[in-house]
Amino acid sequence: MIYGIQKPEEYDLATIIIQWSIKEVIYGSNEEPTHHLVGYVMSEGAGRTTSAIQSFDKEKMMITTSSGRIYKLQDKPGNNNDADYVWDFWKSHNNAKNEKDVTSQYWIKT
């Protein structure tokens, strides 16, 4: 399913996301690249692509996006077919270009 952005007061503090990766693109009228979290939200049984990442707490492995949502990265990075489907839709809908996988900038190997 494709979901619109919800206001911050409409969701819990942090959403746990698994099988995640971080993508960099330039889209819309933006001239600078933005980073987006792509992964699977088990509690919803659905893939997710986020708005642009605004901050990243490496110690807590938490990301805050421009929409105000907070995500907890669980387990190691990975791929998920449903998340990839949502990402492909998002890229097409937003005319994204110059895609790069920048997951290694966020993954702290333990």
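The values are calculated or read from the model by the stated rules, or taken from the named source; none is laboratory data. In this text the structure is predicted, and so the values were computed from the model without any measurement. Cβ coordinates were reconstructed from backbone atoms using ideal geometry, including for glycine residues, and neighbour counts include every protein chain displayed. Keep in mind that these areas ignore ligands, DNA and RNA; they rest on the heavy atoms of the full protein, side chains included. Shrake-Rupley method; radii C 1.70, N 1.55, O 1.52, S 1.80 Å.
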Looking at the chain as a GNM with Cα springs under 10 Å, which of LEU73, LEU37, LEU13 has the largest mean-square fluctuation?
LEU13
For the chain, set up a Gaussian network in which alpha carbons nearer than 10 Å are linked by springs, and say which option among SER66, SER51, SER29 fluctuates the most.
SER29
By the gyration tensor of its Cα atoms, with a ≥ b ≥ c the square roots of the eigenvalues, what is the shape of segment 31-73: rounded for a/c under 1.5, prolate for a/b over b/c, or oblate?
oblate
Note down the net charge around ASP84, summing +1 for each Lys or Arg and -1 for each Asp or Glu among other residues with Cβ under 15 Å from its Cβ.
-1
For segment 48-110, the Cα gyration tensor yields equivalent-ellipsoid semi-axes (√(5λ), largest first, whole Å) of 21, 14, 11
What is the ratio of the Cα radius of gyration of the chain to 2.2 N^0.38 Å, where N is its residue count, to two decimals?
0.99
In whole percent, and with a 1.4 Å probe on the protein chains, what portion of the accessible area of segment 7-67 is carbon and sulfur?
46 percent
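Net charge near VAL38: determine it from the other residues with C-beta under 14 Å of the C-beta of VAL38, scoring Lys and Arg +1 and Asp and Glu -1. List each step's numbers first, then the result.
On the way: positive: LYS23, ARG48, ARG69, LYS91, LYS100; negative: GLU24, ASP82, ASP84, ASP88, GLU99, ASP101.
Residues close to VAL38 contribute a combined charge of -1.
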With DNA, RNA and ligands ignored, accessible area of ASP57 (1.4 Å probe; Å², nearest 10)
60 Å²
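Placing unit charges on C-beta atoms (Lys and Arg positive, Asp and Glu negative, everything else neutral), compute the dipole magnitude of the chain about its Cα centre in debye, rounded to 20. Walk me through the numbers on the way to the answer.
Working: 12 positive and 15 negative charges, 41 e Å.
Charge dipole, the chain, about its Cα centre: 200 debye, nearest 20.
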